[in-house]
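Novice: The structure is given below, and queries will be raised subsequently.
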Amino acid sequence: MTSSRTIAVPTFVLALTADAVLVLVFVLIGRASHDENPVLGALTTYWPFLVALGAGWIASLGWRAPLSIVRTGLPVWAITVALGMVLRVVADQGVQLSFVIVTSIVLAVFLLGWRAIAALVLRRRTRRA
């Protein structure tokens, strides 16, 4: 006898995972242009942004409206960039203006962009229903 049970994963878990993966993608893309240890270098670059991402989720109470661009996306993005940079300075990793600009733009596209796409998909599904 086979059971076809589906496990419903809460939306906030999927959203938080998407955010963490996209921040990692940002780091890996950036690290690809450097000749340092790819694994250690990626982890060194990733941890400040991952910690900041978690702080952004907590500060915005992101689990309450994980798909919201304004309520969750904007604060998560702003805190991830700002606190991530502060943590990089504290960890003596260096922060150049060009890095701050690129980080801000790419993480805005990543963290806000997928939420915008999700909103469009959900809007179309509700129109069809």
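Novice: Does L40 satisfy the condition of being more than 23 Å from L120 (Cα to Cα) and surrounded by fewer than 19 Cβ atoms within 10 Å (Cβ to Cβ)?
Specialist: Here the answer is yes, as L40 does meet what is asked.
Novice: Select from the range 75-118 the residues that are in contact with a helix residue (DSSP H, G or I) (Cβ under 8 Å, 6 or more places away or on another chain) and not hydrophobic (A, V, I, L, M, F, W, C) and list them in ascending order.
Specialist: Matches in the range 75-118: P75, T80, G84, R88, Q93, G94, T103, S104, R115.
Novice: Still on this structure, I have one more. With the requirement that a residue be of a type in the set (S, T, N, Q) and crowded, with 18+ Cβ neighbours inside 10 Å, what does the range 101-121 give you?
Specialist: Of everything in the range 101-121, just one residue is of a type in the set (S, T, N, Q) and crowded, with 18+ Cβ neighbours inside 10 Å, namely T103.
Novice: Pull out all pairs, ordered by first then second residue, where Cβ-Cβ is under 6 Å, the residues are six or more apart or on different chains, the first lies in the range 86-100 and is in contact (Cβ under 8 Å) with a residue 12 or more places away in the chain and surrounded by 13 or more Cβ atoms within 10 Å (Cβ to Cβ), and the second is assigned to a helix (DSSP H, G or I) and of a type in the set (G, A, S).
Specialist: Going by the 6 Å Cβ cut-off, there are no qualifying pairs.
Read-outs: derived from the displayed coordinates by stated rules, not from any lab. What you are looking at is a predicted structure, and each value in this text was computed from that prediction instead of being measured. Heads up, the Cβs are rebuilt from the backbone with ideal geometry, glycines too, and the neighbour counts pull from every protein chain shown.
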